[in-house]
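Written out below as structure tokens is the structure these notes cover.
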Amino acid sequence: MIDANPTCSRRKLSQQVCEELDWRSPNGKLKEMSCRVALLKLHRQGLLNLPAAGPAPPPRRTRPQDLGEAEYLAPLKCSLSELGEIEIVVITNADTKASRQWNELMDRYHYLGSGPLCGAQLRYLINSERYGWVGGFAFSAAAWRLEARERWIGWDEEARQQNLNRVINNSRFLIVPHVHVKNLASHALALVMKRLVADWFERYGIEPVLVETFVERERFHGTSYRAANWIGVGQTKGRGRQDSANEYAVAVKDIYVCPLREDAATILRQKQVERTEMKVTPVGVARPQPMEWAEEEFGAAELGDQRRAQRLMTIARDFYAQPQANIPQACQTRAKTKAAYRFFDDEKHTMEKLMTPHYESTRNRAAHEKVVPALPQARVGGSGYDVFELQRASGHGKSLACGRAGLGRSRAPQMAPSGSCFMTPWPSIMNYSMRR
């Protein structure tokens, strides 16, 4: 590829490599930066020769001479209510006025400045209804390794590599120093955490389950994090991201984590399970419990990448929540809608692959019940198996056919999601898939 395009820039080359390998993030975008890092490593090892690098961009000013619009922020002491409504404003683009304001505030008041931030990232401004900008946040990629975090989660190396992208780092948190308002920091922190999962998912297609942060012990006490119920899990070793020589030249920091759901550690410990064939778990043998119904039905889908299975589960949840909606209505956001259409337009995502784990799950449930209610002369749970096929697969000698009212009185209510309830959301998805 390099020999065929000797004048190709490194950026263009990384795009071509990503397209050739279909190397994309869960939101469908090419992973150009990851590709550039990998290509550069191969270049430095002498395994390939990259084109000459282009000129570096001019350095950005790191400490502004004046604060522009934020100049009016005078020393302020008042109650939280006197600030008016506190709004968390997400920065959507680096070329916006809000982005420039965030950079100026961080460069002037935060000891780390405005950047650079590592990897995937989201930035927010904190706005007071009566006093304007009073601070900001940044969230970015998690630390590659942290002994205290690893110990708290309890994951092994394989699980860490698979799930690290579901951990994000609160890399900047600023309340401007001349604003002295009790509880403002913990209040703003609680507000941003409420929207963080949705914002991160919309931008990157990944649902984070844990947030980490570092508090430099010689500068801060971590009071606002503790007030917002973050958990202290230990300290760093005094090494930075680039400390490959083990020089320990960085200040020791306290590590805090905030689970975004109660089962965060459990989810992060889980590893992708490879299944090569459908099997019914023998009666009497304990089955591993899925985290929730979407994982039970589709978590084992073999789509070549666990992130695609995650996308399928997300689509399933969205349609389950709004069974009569079309795809844009069910997905709600533009990013999730585009991701859903892209998922179904992929020729590798055949109906057989999508529904195979559901078939297995349906048969497993049937095999462990004495009575299996089923719609008469219908396919059970939209699974593609009629009542008699289900009997043979599950080992049942009997089946109970009942109408819609009968399902409500079923002696096996756990089957209902695979019957009338579960199949309700799927007409739009299945119709779209079969029309391709």
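None of the figures in this text is laboratory data; all of them are computed from the coordinates on show. Only a predicted model underlies this, so the values are computations on that prediction, with no experimental measurement involved. Because the Cβ atoms are built from the backbone with ideal geometry, glycine has one as well, and the counts that use them run over all protein chains shown.
A few points about this structure:
- Exceedance of the 29 Å cut-off in Cα-Cα distance is limited, within the set LYS31/LYS353; LYS237/LYS336; LYS271/LYS353; LYS41/LYS336; LYS77/LYS194; LYS253/LYS338, to LYS237/LYS336; LYS41/LYS336; LYS253/LYS338.
- As a proxy for reagent exposure, TYR225, TYR111 were ordered by neighbouring Cβ count within 10 angstrom, fewest first; the result is TYR111, TYR225.
- Packing-based order for 44-50, 230-236, 32-38, using average beta carbon neighbours within 10 Å, highest first: 230-236, 32-38, 44-50
- Length added when fully stretched, ARG130-LYS182, from 0.36 nm per residue minus Cα-Cα: 17.1 nm
- A compact globular protein would have a Cα radius of gyration near 2.2 N^0.38 Å; the ratio found for segment 71-269 is 1.03.
- Relative exposure of ILE153, ILE168, judged by other C-beta atoms within 10 Å (fewest first): ILE153, ILE168
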